[in-house]
Each structure stands twice: as C-alpha cells, then as structure tokens.
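Take a look at the structure below.
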Amino acid sequence: MKVLVIGGGAREHALCRSLSLDPDVSALYCAPGNAGIAEVAELRPVDALDGAAVAALATELGADLVVVGPEAPLVAGVGDAVRAAGIPVFGPSAEAAQLEGSKAFAKDVMAAAGVPTARSYVCTTPEEVDAALDAFGAPYVVKDDGLAAGKGVVVTEDIEAARAHALACDRVVIEEYLDGPEVSLFAITDGVTVVPLQPAQDFKRALDGDQGPNTGGMGAYSPLPWADPKLVDEVMELVLQPTVDELRRRGTPFSGLLYAGLAITGRGTRVIEFNARFGDPETQVVLARLRTPLASVLLNAANGTLADEPPLVWRDDAAVTVVIASHNYPDTPRTGDPIEGLAEVAAEDAPDAYVLHAGTRREGDAVVSAGGRVLSVTATGSDLAQAREKAYTAVARIRLDGSQHRTDIAAKAAGLG
Ligand code: AMP
Ligand code: GLY
C-alpha cells in the first residue's frame with residue numbers, strides 16, 4: 001500500500017513512524033513533512049490547504065490512501081478534493097469537519113445527540129455577550145466560534161479580559177466552566193462503526209504546575225492510572241457513537257478521527273470540545289502503545305469497512321512525551337536555532353526513547369528550529385515512572401538555545417507528586 005500523509009508536525013511524524021513500521025506499507029510519502037519525518041518517509045512539497053494540489057500529488061504518487069493530519073486542510077475541503085479524485089482519504093469531509101471548525105455547530109450536534117457538554121450561548125452582539133457572561137459568572141469561558149490555531153479559547157476570572165476576547169471575535173460561544181481533570185479520547189470511525197483508542201492526558205499550559213499561557217500542548221501520557229476503567233465504554237456510549245450517528249443522520253457522515261476532549265467533573269463526564277483529527281501531542285503516546293499495524297485500520301475507516309477490522313491490540317507499556325518548545329513560545333517563537341543531541345538520543349536511548357520532530361527543518365548538515373513546538377521526545381516503559389525517566393533522560397541530551405520544556409509531565413499520574 002502506498003500512503004501519503006499530509007502535514008508536518010510531531011503528530012504526522014508519529015503517524016509516519018507507525019506507518020513506516022507496518023509491513024503492508026510499500027511506499028510512504030509526507031507533504032510537506034519536516035526534518036525528522038524525512039528519515040522515515042519521502043518528503044514532497046505541497047500547499048496542504050490546496051485541495052487540487054494535494055489531489056494531484058496523490059494521483060501522481062499512485063497513493064492508495066491519503067491521511068490528512070491537521071484540521072485546517074480538513075476544514076478547507078482537502079479530503080473532499082482527494083476523494084473526488086477517486087483516492088481513499090482518512091479524514092472527514094469539510095462539512096463533517098465543522099465539528100471542529102465551528103464550536104456552535106459542535107454544540108448543535110451535541111444538543112441533538114444528547115451528548116453531555118457545558119451549557120452555552122452563541123453570541124454575536126455585545127449585549128448577548130454581557131448577558132451570557134452574567135448568566136454563568138466567573139471563571140469565564142469564551143470561545144471563538146471558528147478555527148483559531150489554539151488561541152481561540154480564553155478561560156479567565158477577569159470579566160474585562162473575557163469581554164475583550166468576545167468582542168474581538170465575530171461570533172463566540174460563552175459557556176459554563178467545567179471543573180475536573182481533562183482526558184483526550186480518540187476514536188477511529190468510518191461514519192458507522194466507532195473504534196475507540198486508549199485515553200491520554202495533555203498538558204496545555206506552558207509552565208510547570210499548569211501555570212502560564214495556554215499552548216498547543218506541552219506533553220502527554222497514556223494510560224491514565226487514575227481514571228475509571230469504565231471511562232472508555234461510558235464515553236463510547238454517551239459521546240462518540242451518538243455523535244457519529246447524529247452526523248450520519250444529518251447526511252454528513254463523519255469518517256476519520258473523532259477526538260473528544262473531556263472534563264471529568266463531579267457531575268459526570270462532559271465534552272469540552274471535539275476535534276476532527278488526531279491530537280498533538282496525545283497521538284505520540286497513543287500510537288507508541290498501539291501494537292496493531294496502522295495502515296489497514298486507517299484504510300478500512302476511509303473505505304467504510306471498519307467493521308471488518310479485528311479488535312485493536314495494545315502494549316502493556318506506558319508512554320510519555322515531553323515537548324521541547326522554542327524561546328518565547330507560545331508568543332512569536334524564535335526560529336532558526338540549531339538543534340544538537342539528536343544523534344546521541346538515537347545512539348543511547350533508542351528504541352525505548354526517540355525524538356519526533358514538530359517544527360524543524362534541515363539547513364545543510366544541521367537541523368534547526370522552525371516553529372513554536374520543535375520536538376516531542378517520546379518514550380515507553382513498563383510504567384509511567386519508567387517511561388517518564390527515559391523521556392527526560394533523552395530530553396537532557398537535546399541542546400537548543402533558549403528552549404523550554406515542562407519538567408512535570410506525567411509526574412502526578414506516576415505517583416511522584
Ligand atoms: P480548546 O482550544 O477548545 O481545546 O480549549 C483549550 C482549553 O481551554 C481546554 O483544554 C480547557 O483546559 C479549557 N477549557 C475549554 N472549555 C472549558 C470549559 N467549559 N471549562 C473549563 N475549561 C475549559
Ligand atoms: N492536544 C490538543 C490538540 O491537539 O488540539
């Protein structure tokens with residue numbers, strides 16, 4: 001099978017790494033990719049948002065499957081363009097991707113499907129905004145309706161900051177604050193059959209102890225030793241299957257990866273948000289634990305034959321990933337700094353620990369930073385404590401001027417404070 005992966009972050013590196021280890025995959029391409037993905041896949045330049053260009057590339061390569069990593073191309077209809085060229089795509093249509101592309105659409109689907117989520121108002125005028133903020137009280141949760149690359153959500157005690165964010169957006173969802181630990185649960189679906197993956201937890205704040213600004217995600221781990229063993233079954237029944245059924249009922253079936261961001265509150269599990277693609281950095285730890293070869297699962301989802309897929313098989317291992325970010329992330333990050341120590345990790349820590357590249361590019365013989373999140377250092381171990389130790393041992397070998405990382409990823413879950 002020839003597979004083309006669209007994107008170029010650590011999530012796509014994790015996907016390409018798994019696909020490169022799958023004996024069914026005879027050729028693997030990634031567009032546009034990054035310096036690390038180049039080691040496991042052949043890179044092709046492409047504008048990932050240009051459906052015609054991606055479809056032409058997939059046709060030229062003779063791809064049997066196209067996997068679209070990020071949300072922006074999905075919302076822009078890149079999956080539809082490739083499907084129209086007769087090539088199976090792992091990733092939803094533009095219409096179904098509105099589950100991520102519009103928070104108001106997601107709320108509407110959840111209401112229709114009876115999926116538990118925060119109570120909310122959709123607001124377009126300052127009067128509506130004030131009424132909604134007043135109705136819920138602090139802490140205020142204000143979400144830009146559209147895609148905002150991780151910058152759309154403001155959670156604050158400060159009513160002026162909440163109001164300012166709301167007024168800066170055309171349309172906002174203002175909702176009740178959900179208290180409780182967050183869980184990311186991914187499911188693969190063909191629009192009918194839903195196959196859940198293992199839950200993971202992401203660390204969104206920039207600094208240790210969940211301080212500092214929100215980021216795209218600074219680390220993740222799986223499994224969740226503290227979670228109720230019935231969590232996955234419960235979320236399947238209350239959230240994932242009803243959502244997939246509702247989108248099919250509307251004539252816009254969702255196939256691809258359905259990502260439920262959940263809050264485990266005192267009053268039960270609630271959906272914080274849906275995403276229409278694999279999460280980053282959770283994918284790095286979930287795929288590290290998946291034993292089943294990935295390509296046929298994704299192809300069956302793309303072809304509507306997921307019911308034929310045997311049950312997924314998981315390793316007993318735990319996995320931890322630690323993100324190394326550039327100087328000044330999540331504000332305008334500094335890029336172009338050389339990264340050293342990659343060969344040392346490969347020589348000393350593999351195969352248990354390895355470096356997945358997020359924002360990197362090659363400059364002559366050097367690999368340099370090219371984005372806010374630069375590397376996602378991933379490790380597996382017999383338990384979280386061991387996986388964490390291996391991940392941080394590898395992190396310590398990496399040298400990137402001005403870089404930052406959290407030192408407490410998975411610490412609490414591993415029983416270390
Ligand atoms: P999102 O960009 O939608 O993933 O939201 C970013 C983060 O904002 C989430 O991971 C939560 O930590 C927080 N958040 C979003 N909605 C709520 C809510 N209703 N209550 C509390 N925190 C929230
Ligand atoms: N880990 C958060 C996201 O992928 O949106």
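Which is within 30 Å of Ala358 (Cβ to Cβ) and either away from ligand 1 (no atom under 14 Å from the Cβ) or modelled with pLDDT under 90 (or both), of Leu197, Leu167, Leu185?
Leu197
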The condition of being within 19 Å of Ile188 (Cβ to Cβ), open to solvent by less than 20 Å² (accessible area, probe 1.4 Å) and in contact with a Pro (Cβ under 7 Å, 6 or more places away or on another chain) holds, among Ala14, Ala96, only for Ala96
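Yes or no: Glu309 of a type in the set (D, E, K, R), touching a residue at least 24 places away in the same chain (Cβ under 8 Å) and within 16 Å of ligand 1 (Cβ to nearest atom)? Spell out the reasoning first.
Details: of a type in the set (D, E, K, R): yes; touching a residue at least 24 places away in the same chain (Cβ under 8 Å): yes; within 16 Å of ligand 1 (Cβ to nearest atom): no.
The answer is no for Glu309.
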Mind listing just one residue for me: the one in the stretch 118-134 that is open to solvent by 30 Å² or more (accessible area, probe 1.4 Å) and in contact (Cβ under 8 Å) with a residue 24 or more places away in the chain and, of those, farthest from Leu167 (Cα to Cα)? Arg119
Residues of the stretch 39-61 being among the small types (Gly, Ala, Ser) and open to solvent by less than 50 Å² (accessible area, probe 1.4 Å), in sequence order, are Ala41, Ala48, Gly51, Ala53, Ala55, Ala58
Subset tally (residues that are within 16 Å of Val5 (Cβ to Cβ), within 13 Å of ligand 1 (Cβ to nearest atom) and open to solvent by less than 20 Å² (accessible area, probe 1.4 Å)) for the stretch 280-300: 0
Per-region count, the stretch 1-27, residues under 22 Å from Gly371 (Cβ atoms), part of a strand (DSSP E or B) and touching a strand residue (DSSP E or B) at 6+ places or on another chain (Cβ under 6 Å): 3
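Determine whether the stretch 301-308 contains at least one residue that is within 20 Å of the chain's Cα centre (by Cα), open to solvent by 40 Å² or more (accessible area, probe 1.4 Å), within 30 Å of Gly191 (Cβ to Cβ) and modelled with pLDDT of 95 or more. Steps first, please.
Let us first name the residues in the stretch 301-308 that are within 20 Å of the chain's Cα centre (by Cα), namely 301-302.
Add one more test, that the residue is open to solvent by 40 Å² or more (accessible area, probe 1.4 Å), and what stays is none.
Checked the stretch 301-308: no residue is within 20 Å of the chain's Cα centre (by Cα), open to solvent by 40 Å² or more (accessible area, probe 1.4 Å), within 30 Å of Gly191 (Cβ to Cβ) and modelled with pLDDT of 95 or more.
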Quick one: how many residues across the stretch 221-238 are touching a Lys or Arg at 6+ places or on another chain (Cβ under 9 Å) and within 16 Å of ligand 1 (Cβ to nearest atom)? 1
Provide a single number: the residues in the stretch 183-223 that are open to solvent by 20 Å² or more (accessible area, probe 1.4 Å) and on the phi > 0 side of the Ramachandran plot. 3
How many residues are open to solvent by 10 Å² or more (accessible area, probe 1.4 Å) and over 23 Å from the mean Cα position of the chain (by Cα) when one looks only at the stretch 342-382? 16
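What residue, of Asp130, Asp134, Asp144, is of a type outside the set (S, T, N, Q), farther than 24 Å from Gln241 by Cα and within 16 Å of ligand 2 (Cβ to nearest atom)?
On inspection, the qualifying residue turns out to be Asp144.
The values are calculated or read from the model by the stated rules, or taken from the named source; none is laboratory data. Owing to the predicted nature of the structure, the values given are computational and were not obtained by experimental measurement. So basically every Cβ, Gly included, is an ideal-geometry build from the backbone, and we count neighbours across all protein chains shown. Ligands, DNA and RNA are stripped out before the accessible areas are found, and what is left, the full protein with its side chains, is counted by its heavy atoms. Shrake-Rupley method; radii C 1.70, N 1.55, O 1.52, S 1.80 Å.
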